[in-house]
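Quick notes on the structure that follows.
Nothing in this text is a laboratory measurement; each read-out follows from the coordinates by a stated rule. Owing to the predicted nature of the structure, the values given are computational and were not obtained by experimental measurement. Virtual Cβ from ideal backbone geometry, glycine too; neighbours counted across all protein chains shown.
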Amino acid sequence: MFCLLVLMAHGSLYAADAKSGSISIFVKPAIVVTSAGPSAVQVKLRLSASSSAQVWISDTCVPDGTATQVLSQSGEYTIPLAVIKGTGSMVCVVSVLDGLYGQVRVPSRPGGVLVETSQAVQTVSSI
């Protein structure tokens with residue numbers, strides 16, 4: 001808030017008082033996980049400053065230490081299924097510190113087996 005008081009005294013202008021304030025904005029952590037076609041998933045993630053999210057494939061999505069991808073920044077990621085370890089019907093994304101949980105059904109794959117490759121996770125944009 002800005003307040004300016006102008007006084008007129010003997011033909012002169014005087015500024016009496018100026019005040020300033022501040023605004024605090026809190027952005028809540030969030031997660032969205034969707035299919036990105038038959039061979040990838042898209043993760044939109046907004047994390048708190050010291051948090052990260054783990055990504056793996058499972059039937060139960062209970063964190064068990066098998067996560068192969070760790071996302072340590074907020075952003076929009078496209079992750080090839082071939083680089084995510086695990087077996088099961090769901091791609092799971094969890095940030096325990098932020099209390100975030102997301103999942104999407106794994107698209108059907110021939111033989112139901114994932115082949116590991118050296119493909120990298122692509123960061124599409126930062127949030």
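Here are a few things to note about the model shown:
- Partners for Lys44 among lysines (Cα-Cα distance below 20 Å; same-chain residues under 8 apart left out): Lys28, Lys85
- More than 15 angstrom apart: percent of Cα pairs within the stretch 39-86: 45 percent
- Ser35 versus Ala82: modelled label distance in nm, points set 7 Å from Cα along the beta carbon direction: 1.9 nm
- Stretching the chain fully between Ser89 and Asp64 yields a gain of 7.4 nm (0.36 nm per residue, less the alpha carbon separation).
- Inter-site label distance for Ser24 and Leu97 at 7 Å from Cα along Cβ, in nm: 2.0 nm
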